[in-house]
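Single-structure report; data block below.
Where a number appears in this text, it was derived from the coordinates with a stated rule and is not lab data. Predicted model only: the values in this text are computed from it and were never measured. Positions of Cβ are generated from backbone atoms using ideal geometry, with glycine treated the same way; all protein chains shown enter the neighbour counts.
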Amino acid sequence: MLYRQGKYQEAAEQLGQSASKSPGKGEIQFHLGMANYMMGRLDEARAALEKAVSVTGDFPGKDEAKSRLALLSQGGDLSIPDLEKSVKEKSDDPVALMRLGAAYAKAGTADKAAQAYEKALQANPKLLEAVLPLAQLNAGPLKNNAKALQYAKRARDLAPADARVTATAGHIAYQAGNFPWAYSLLQESRRGLPDDLAVTRDFAWTAYSTGKTNEAQEGMRRVANGPPAAPERGEAALFLAMAALDSDDVVPPGAENEVMKALGAQPDYVPALMAKAAIRLQKGDTAEASAIYNSILQKWPDFAPAQKRLASIYANEPANANKAYELANKARRGLVDDPGLARTLGVLSC
């Protein structure tokens, strides 16, 4: 009854208890396998279906058990035409639909991939393995941030205690521009996955984007000190090098060349833009520094460090005094105890 109502999680739990009491009953193993199959739990589905087909004698569903088991055994070896044929024959098969979605995504046809995953969700609206790819596709190639966040929140609701799902949702939220929520999610997932450098790296980026530069640098230092083979180490080292230049200290020899090199590889790399603006300020070029800070705020409108720096420039320009006050007050939300910002506000209040 639960299975027919689409309550596959509850059905799997109930059938699991029945199967443990009667492991030799093929029909129970078949229904347990199908409940797990519909939930996308492929290993559990395979184990139950193998037990079902190994039972001597027939039972209703044995042929279907063999058919589903055959699909599971093929893994990711099927071509797109074969998967399309399989889906045409069984349009509500979530496993075939998810594999088709993955194949489309790998082939670069994101729109078709999303359609396949959405059809898998029609078969089971609680299918986490379809929700997460949909969030990733919308945050990435489909460039639909609103949908990406909807699916990320849906994934979070489906698995609130899963640190890996929380980390993935946080990464997607960051991609979609919801930095405060991304920071919260990755802060939580980091506690559950303390040794995962990718999660720490993502957390550092969310801390940086919300103006928590000290936390960001602390996180990136942990990544930079990780195992030599860790792929995240290079990214962390670059981040730390650029962040160190965003200060009032004397610019080291060759630093400007390193900043330009970083921006040549990624023109909108915010830590390098902040470093470049700081260097221009030290050279007295407030016009170019202002232009850089404004370009950063076009990308990240609530980035408090850029707001603070731009406010300090505008505070010395009578024509921009109102803008300076507005920027400084916005920055204060994220930089409550910042002494430089306090000085700027003091100048503006005179």
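At a glance:
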quantity	calculated
Derived scalar couplings ³J(HN,Hα) [segment 314-323; Karplus, 6.51 cos²θ - 1.76 cosθ + 1.60; whole Hz; x for Gly, Pro]	5, 4, 9, 10, x, 5, 10, 4, 5, 4
Where a label projected 7 Å from the Cα of Glu10 along Cα→Cβ would reach, residues of segment 112-148 with amide N under 17 Å	124-127
Estimated inter-spin distance, Thr109 and Asp195, nm [label 7 Å along Cα→Cβ]	4.2 nm
Ranked list, fewest to most other Cβ atoms within 10 Å of each Cβ, for Ser73, Ser209	Ser73, Ser209
Under 17 Å from the Cα of Lys112 - lysines, other chains or at least 8 residues apart	Lys85, Lys88, Lys143, Lys147
Order of Lys330, Lys283, Lys88 under a 10 Å beta carbon neighbour criterion, fewest first	Lys88, Lys283, Lys330
Helix 179-192 axis, angle to the chain major axis (alpha carbon atoms, nearest 10°)	60 degrees
Using a Förster distance of 41 Å, the FRET efficiency for Arg221-Gln150 (Cβ separation, nearest 0.05)	0.75
Nearest-ten-degree value, helix 163-175 long axis tilted from longest Cα axis of the chain	50 degrees
Cβ-defined net charge surrounding Gln29, 13 Å radius [Lys, Arg +1; Asp, Glu -1]	+3
Around Phe203: net Lys/Arg minus Asp/Glu count, Cβ-Cβ under 12 Å	-1
Neighbour net charge for Asp93 - beta-carbon separation under 11 angstrom, K R +1, D E -1	+2
Structure-derived Rg/Rh (Cα atoms, Kirkwood Rh) - corresponding label in (i) 1.13; (ii) 1.10; (iii) 0.98	(i)
Gained length - Ser20 relative to Glu258, 0.36 nm times residue gap less alpha-carbon distance	79.3 nm
Whole-Hz couplings from phi, Karplus 6.51/-1.76/1.60, listed for segment 111-120; x for Gly and Pro	5, 5, 4, 4, 4, 5, 5, 5, 5, 5
Contour excess over end-to-end distance, with Cα ends at Asn214 and Asp157 and 0.36 nm allotted per residue	17.4 nm
Per residue convex hull volume, Cα atoms of segment 1-73, in Å³	75 Å³
Against the rule of thumb 2.2 N^0.38 Å, how large the Cα Rg of segment 186-259 comes out	1.16
Computed helical MRE - 222 nm, the chain, DSSP H runs ≥ 4 contributing -39500 (n - 2.57), nearest 500	-23000 deg cm²/dmol
Calculated FRET value between Ser54 and Ser79, using beta carbons and R₀ = 30 Å, to 0.05	0.50
Fewest-first ranking of Arg68, Arg41, using other Cβ atoms within 10 Å as the exposure measure	Arg41, Arg68
Contour minus Cα-Cα distance for Ser295 and Ser184 (0.36 nm per residue)	37.3 nm
Percentage, to the nearest whole number, of Cα pairs in segment 100-144 over 12 Å apart	52 percent
Range of Cα positions in segment 26-183 per principal axis (Å), largest first	58, 35, 22
Phi to ³J(HN,Hα) by Karplus 6.51 cos²θ - 1.76 cosθ + 1.60 over segment 324-336, Hz, x for Gly, Pro	4, 5, 5, 5, 5, 5, 5, 4, 5, 4, x, 10, 4
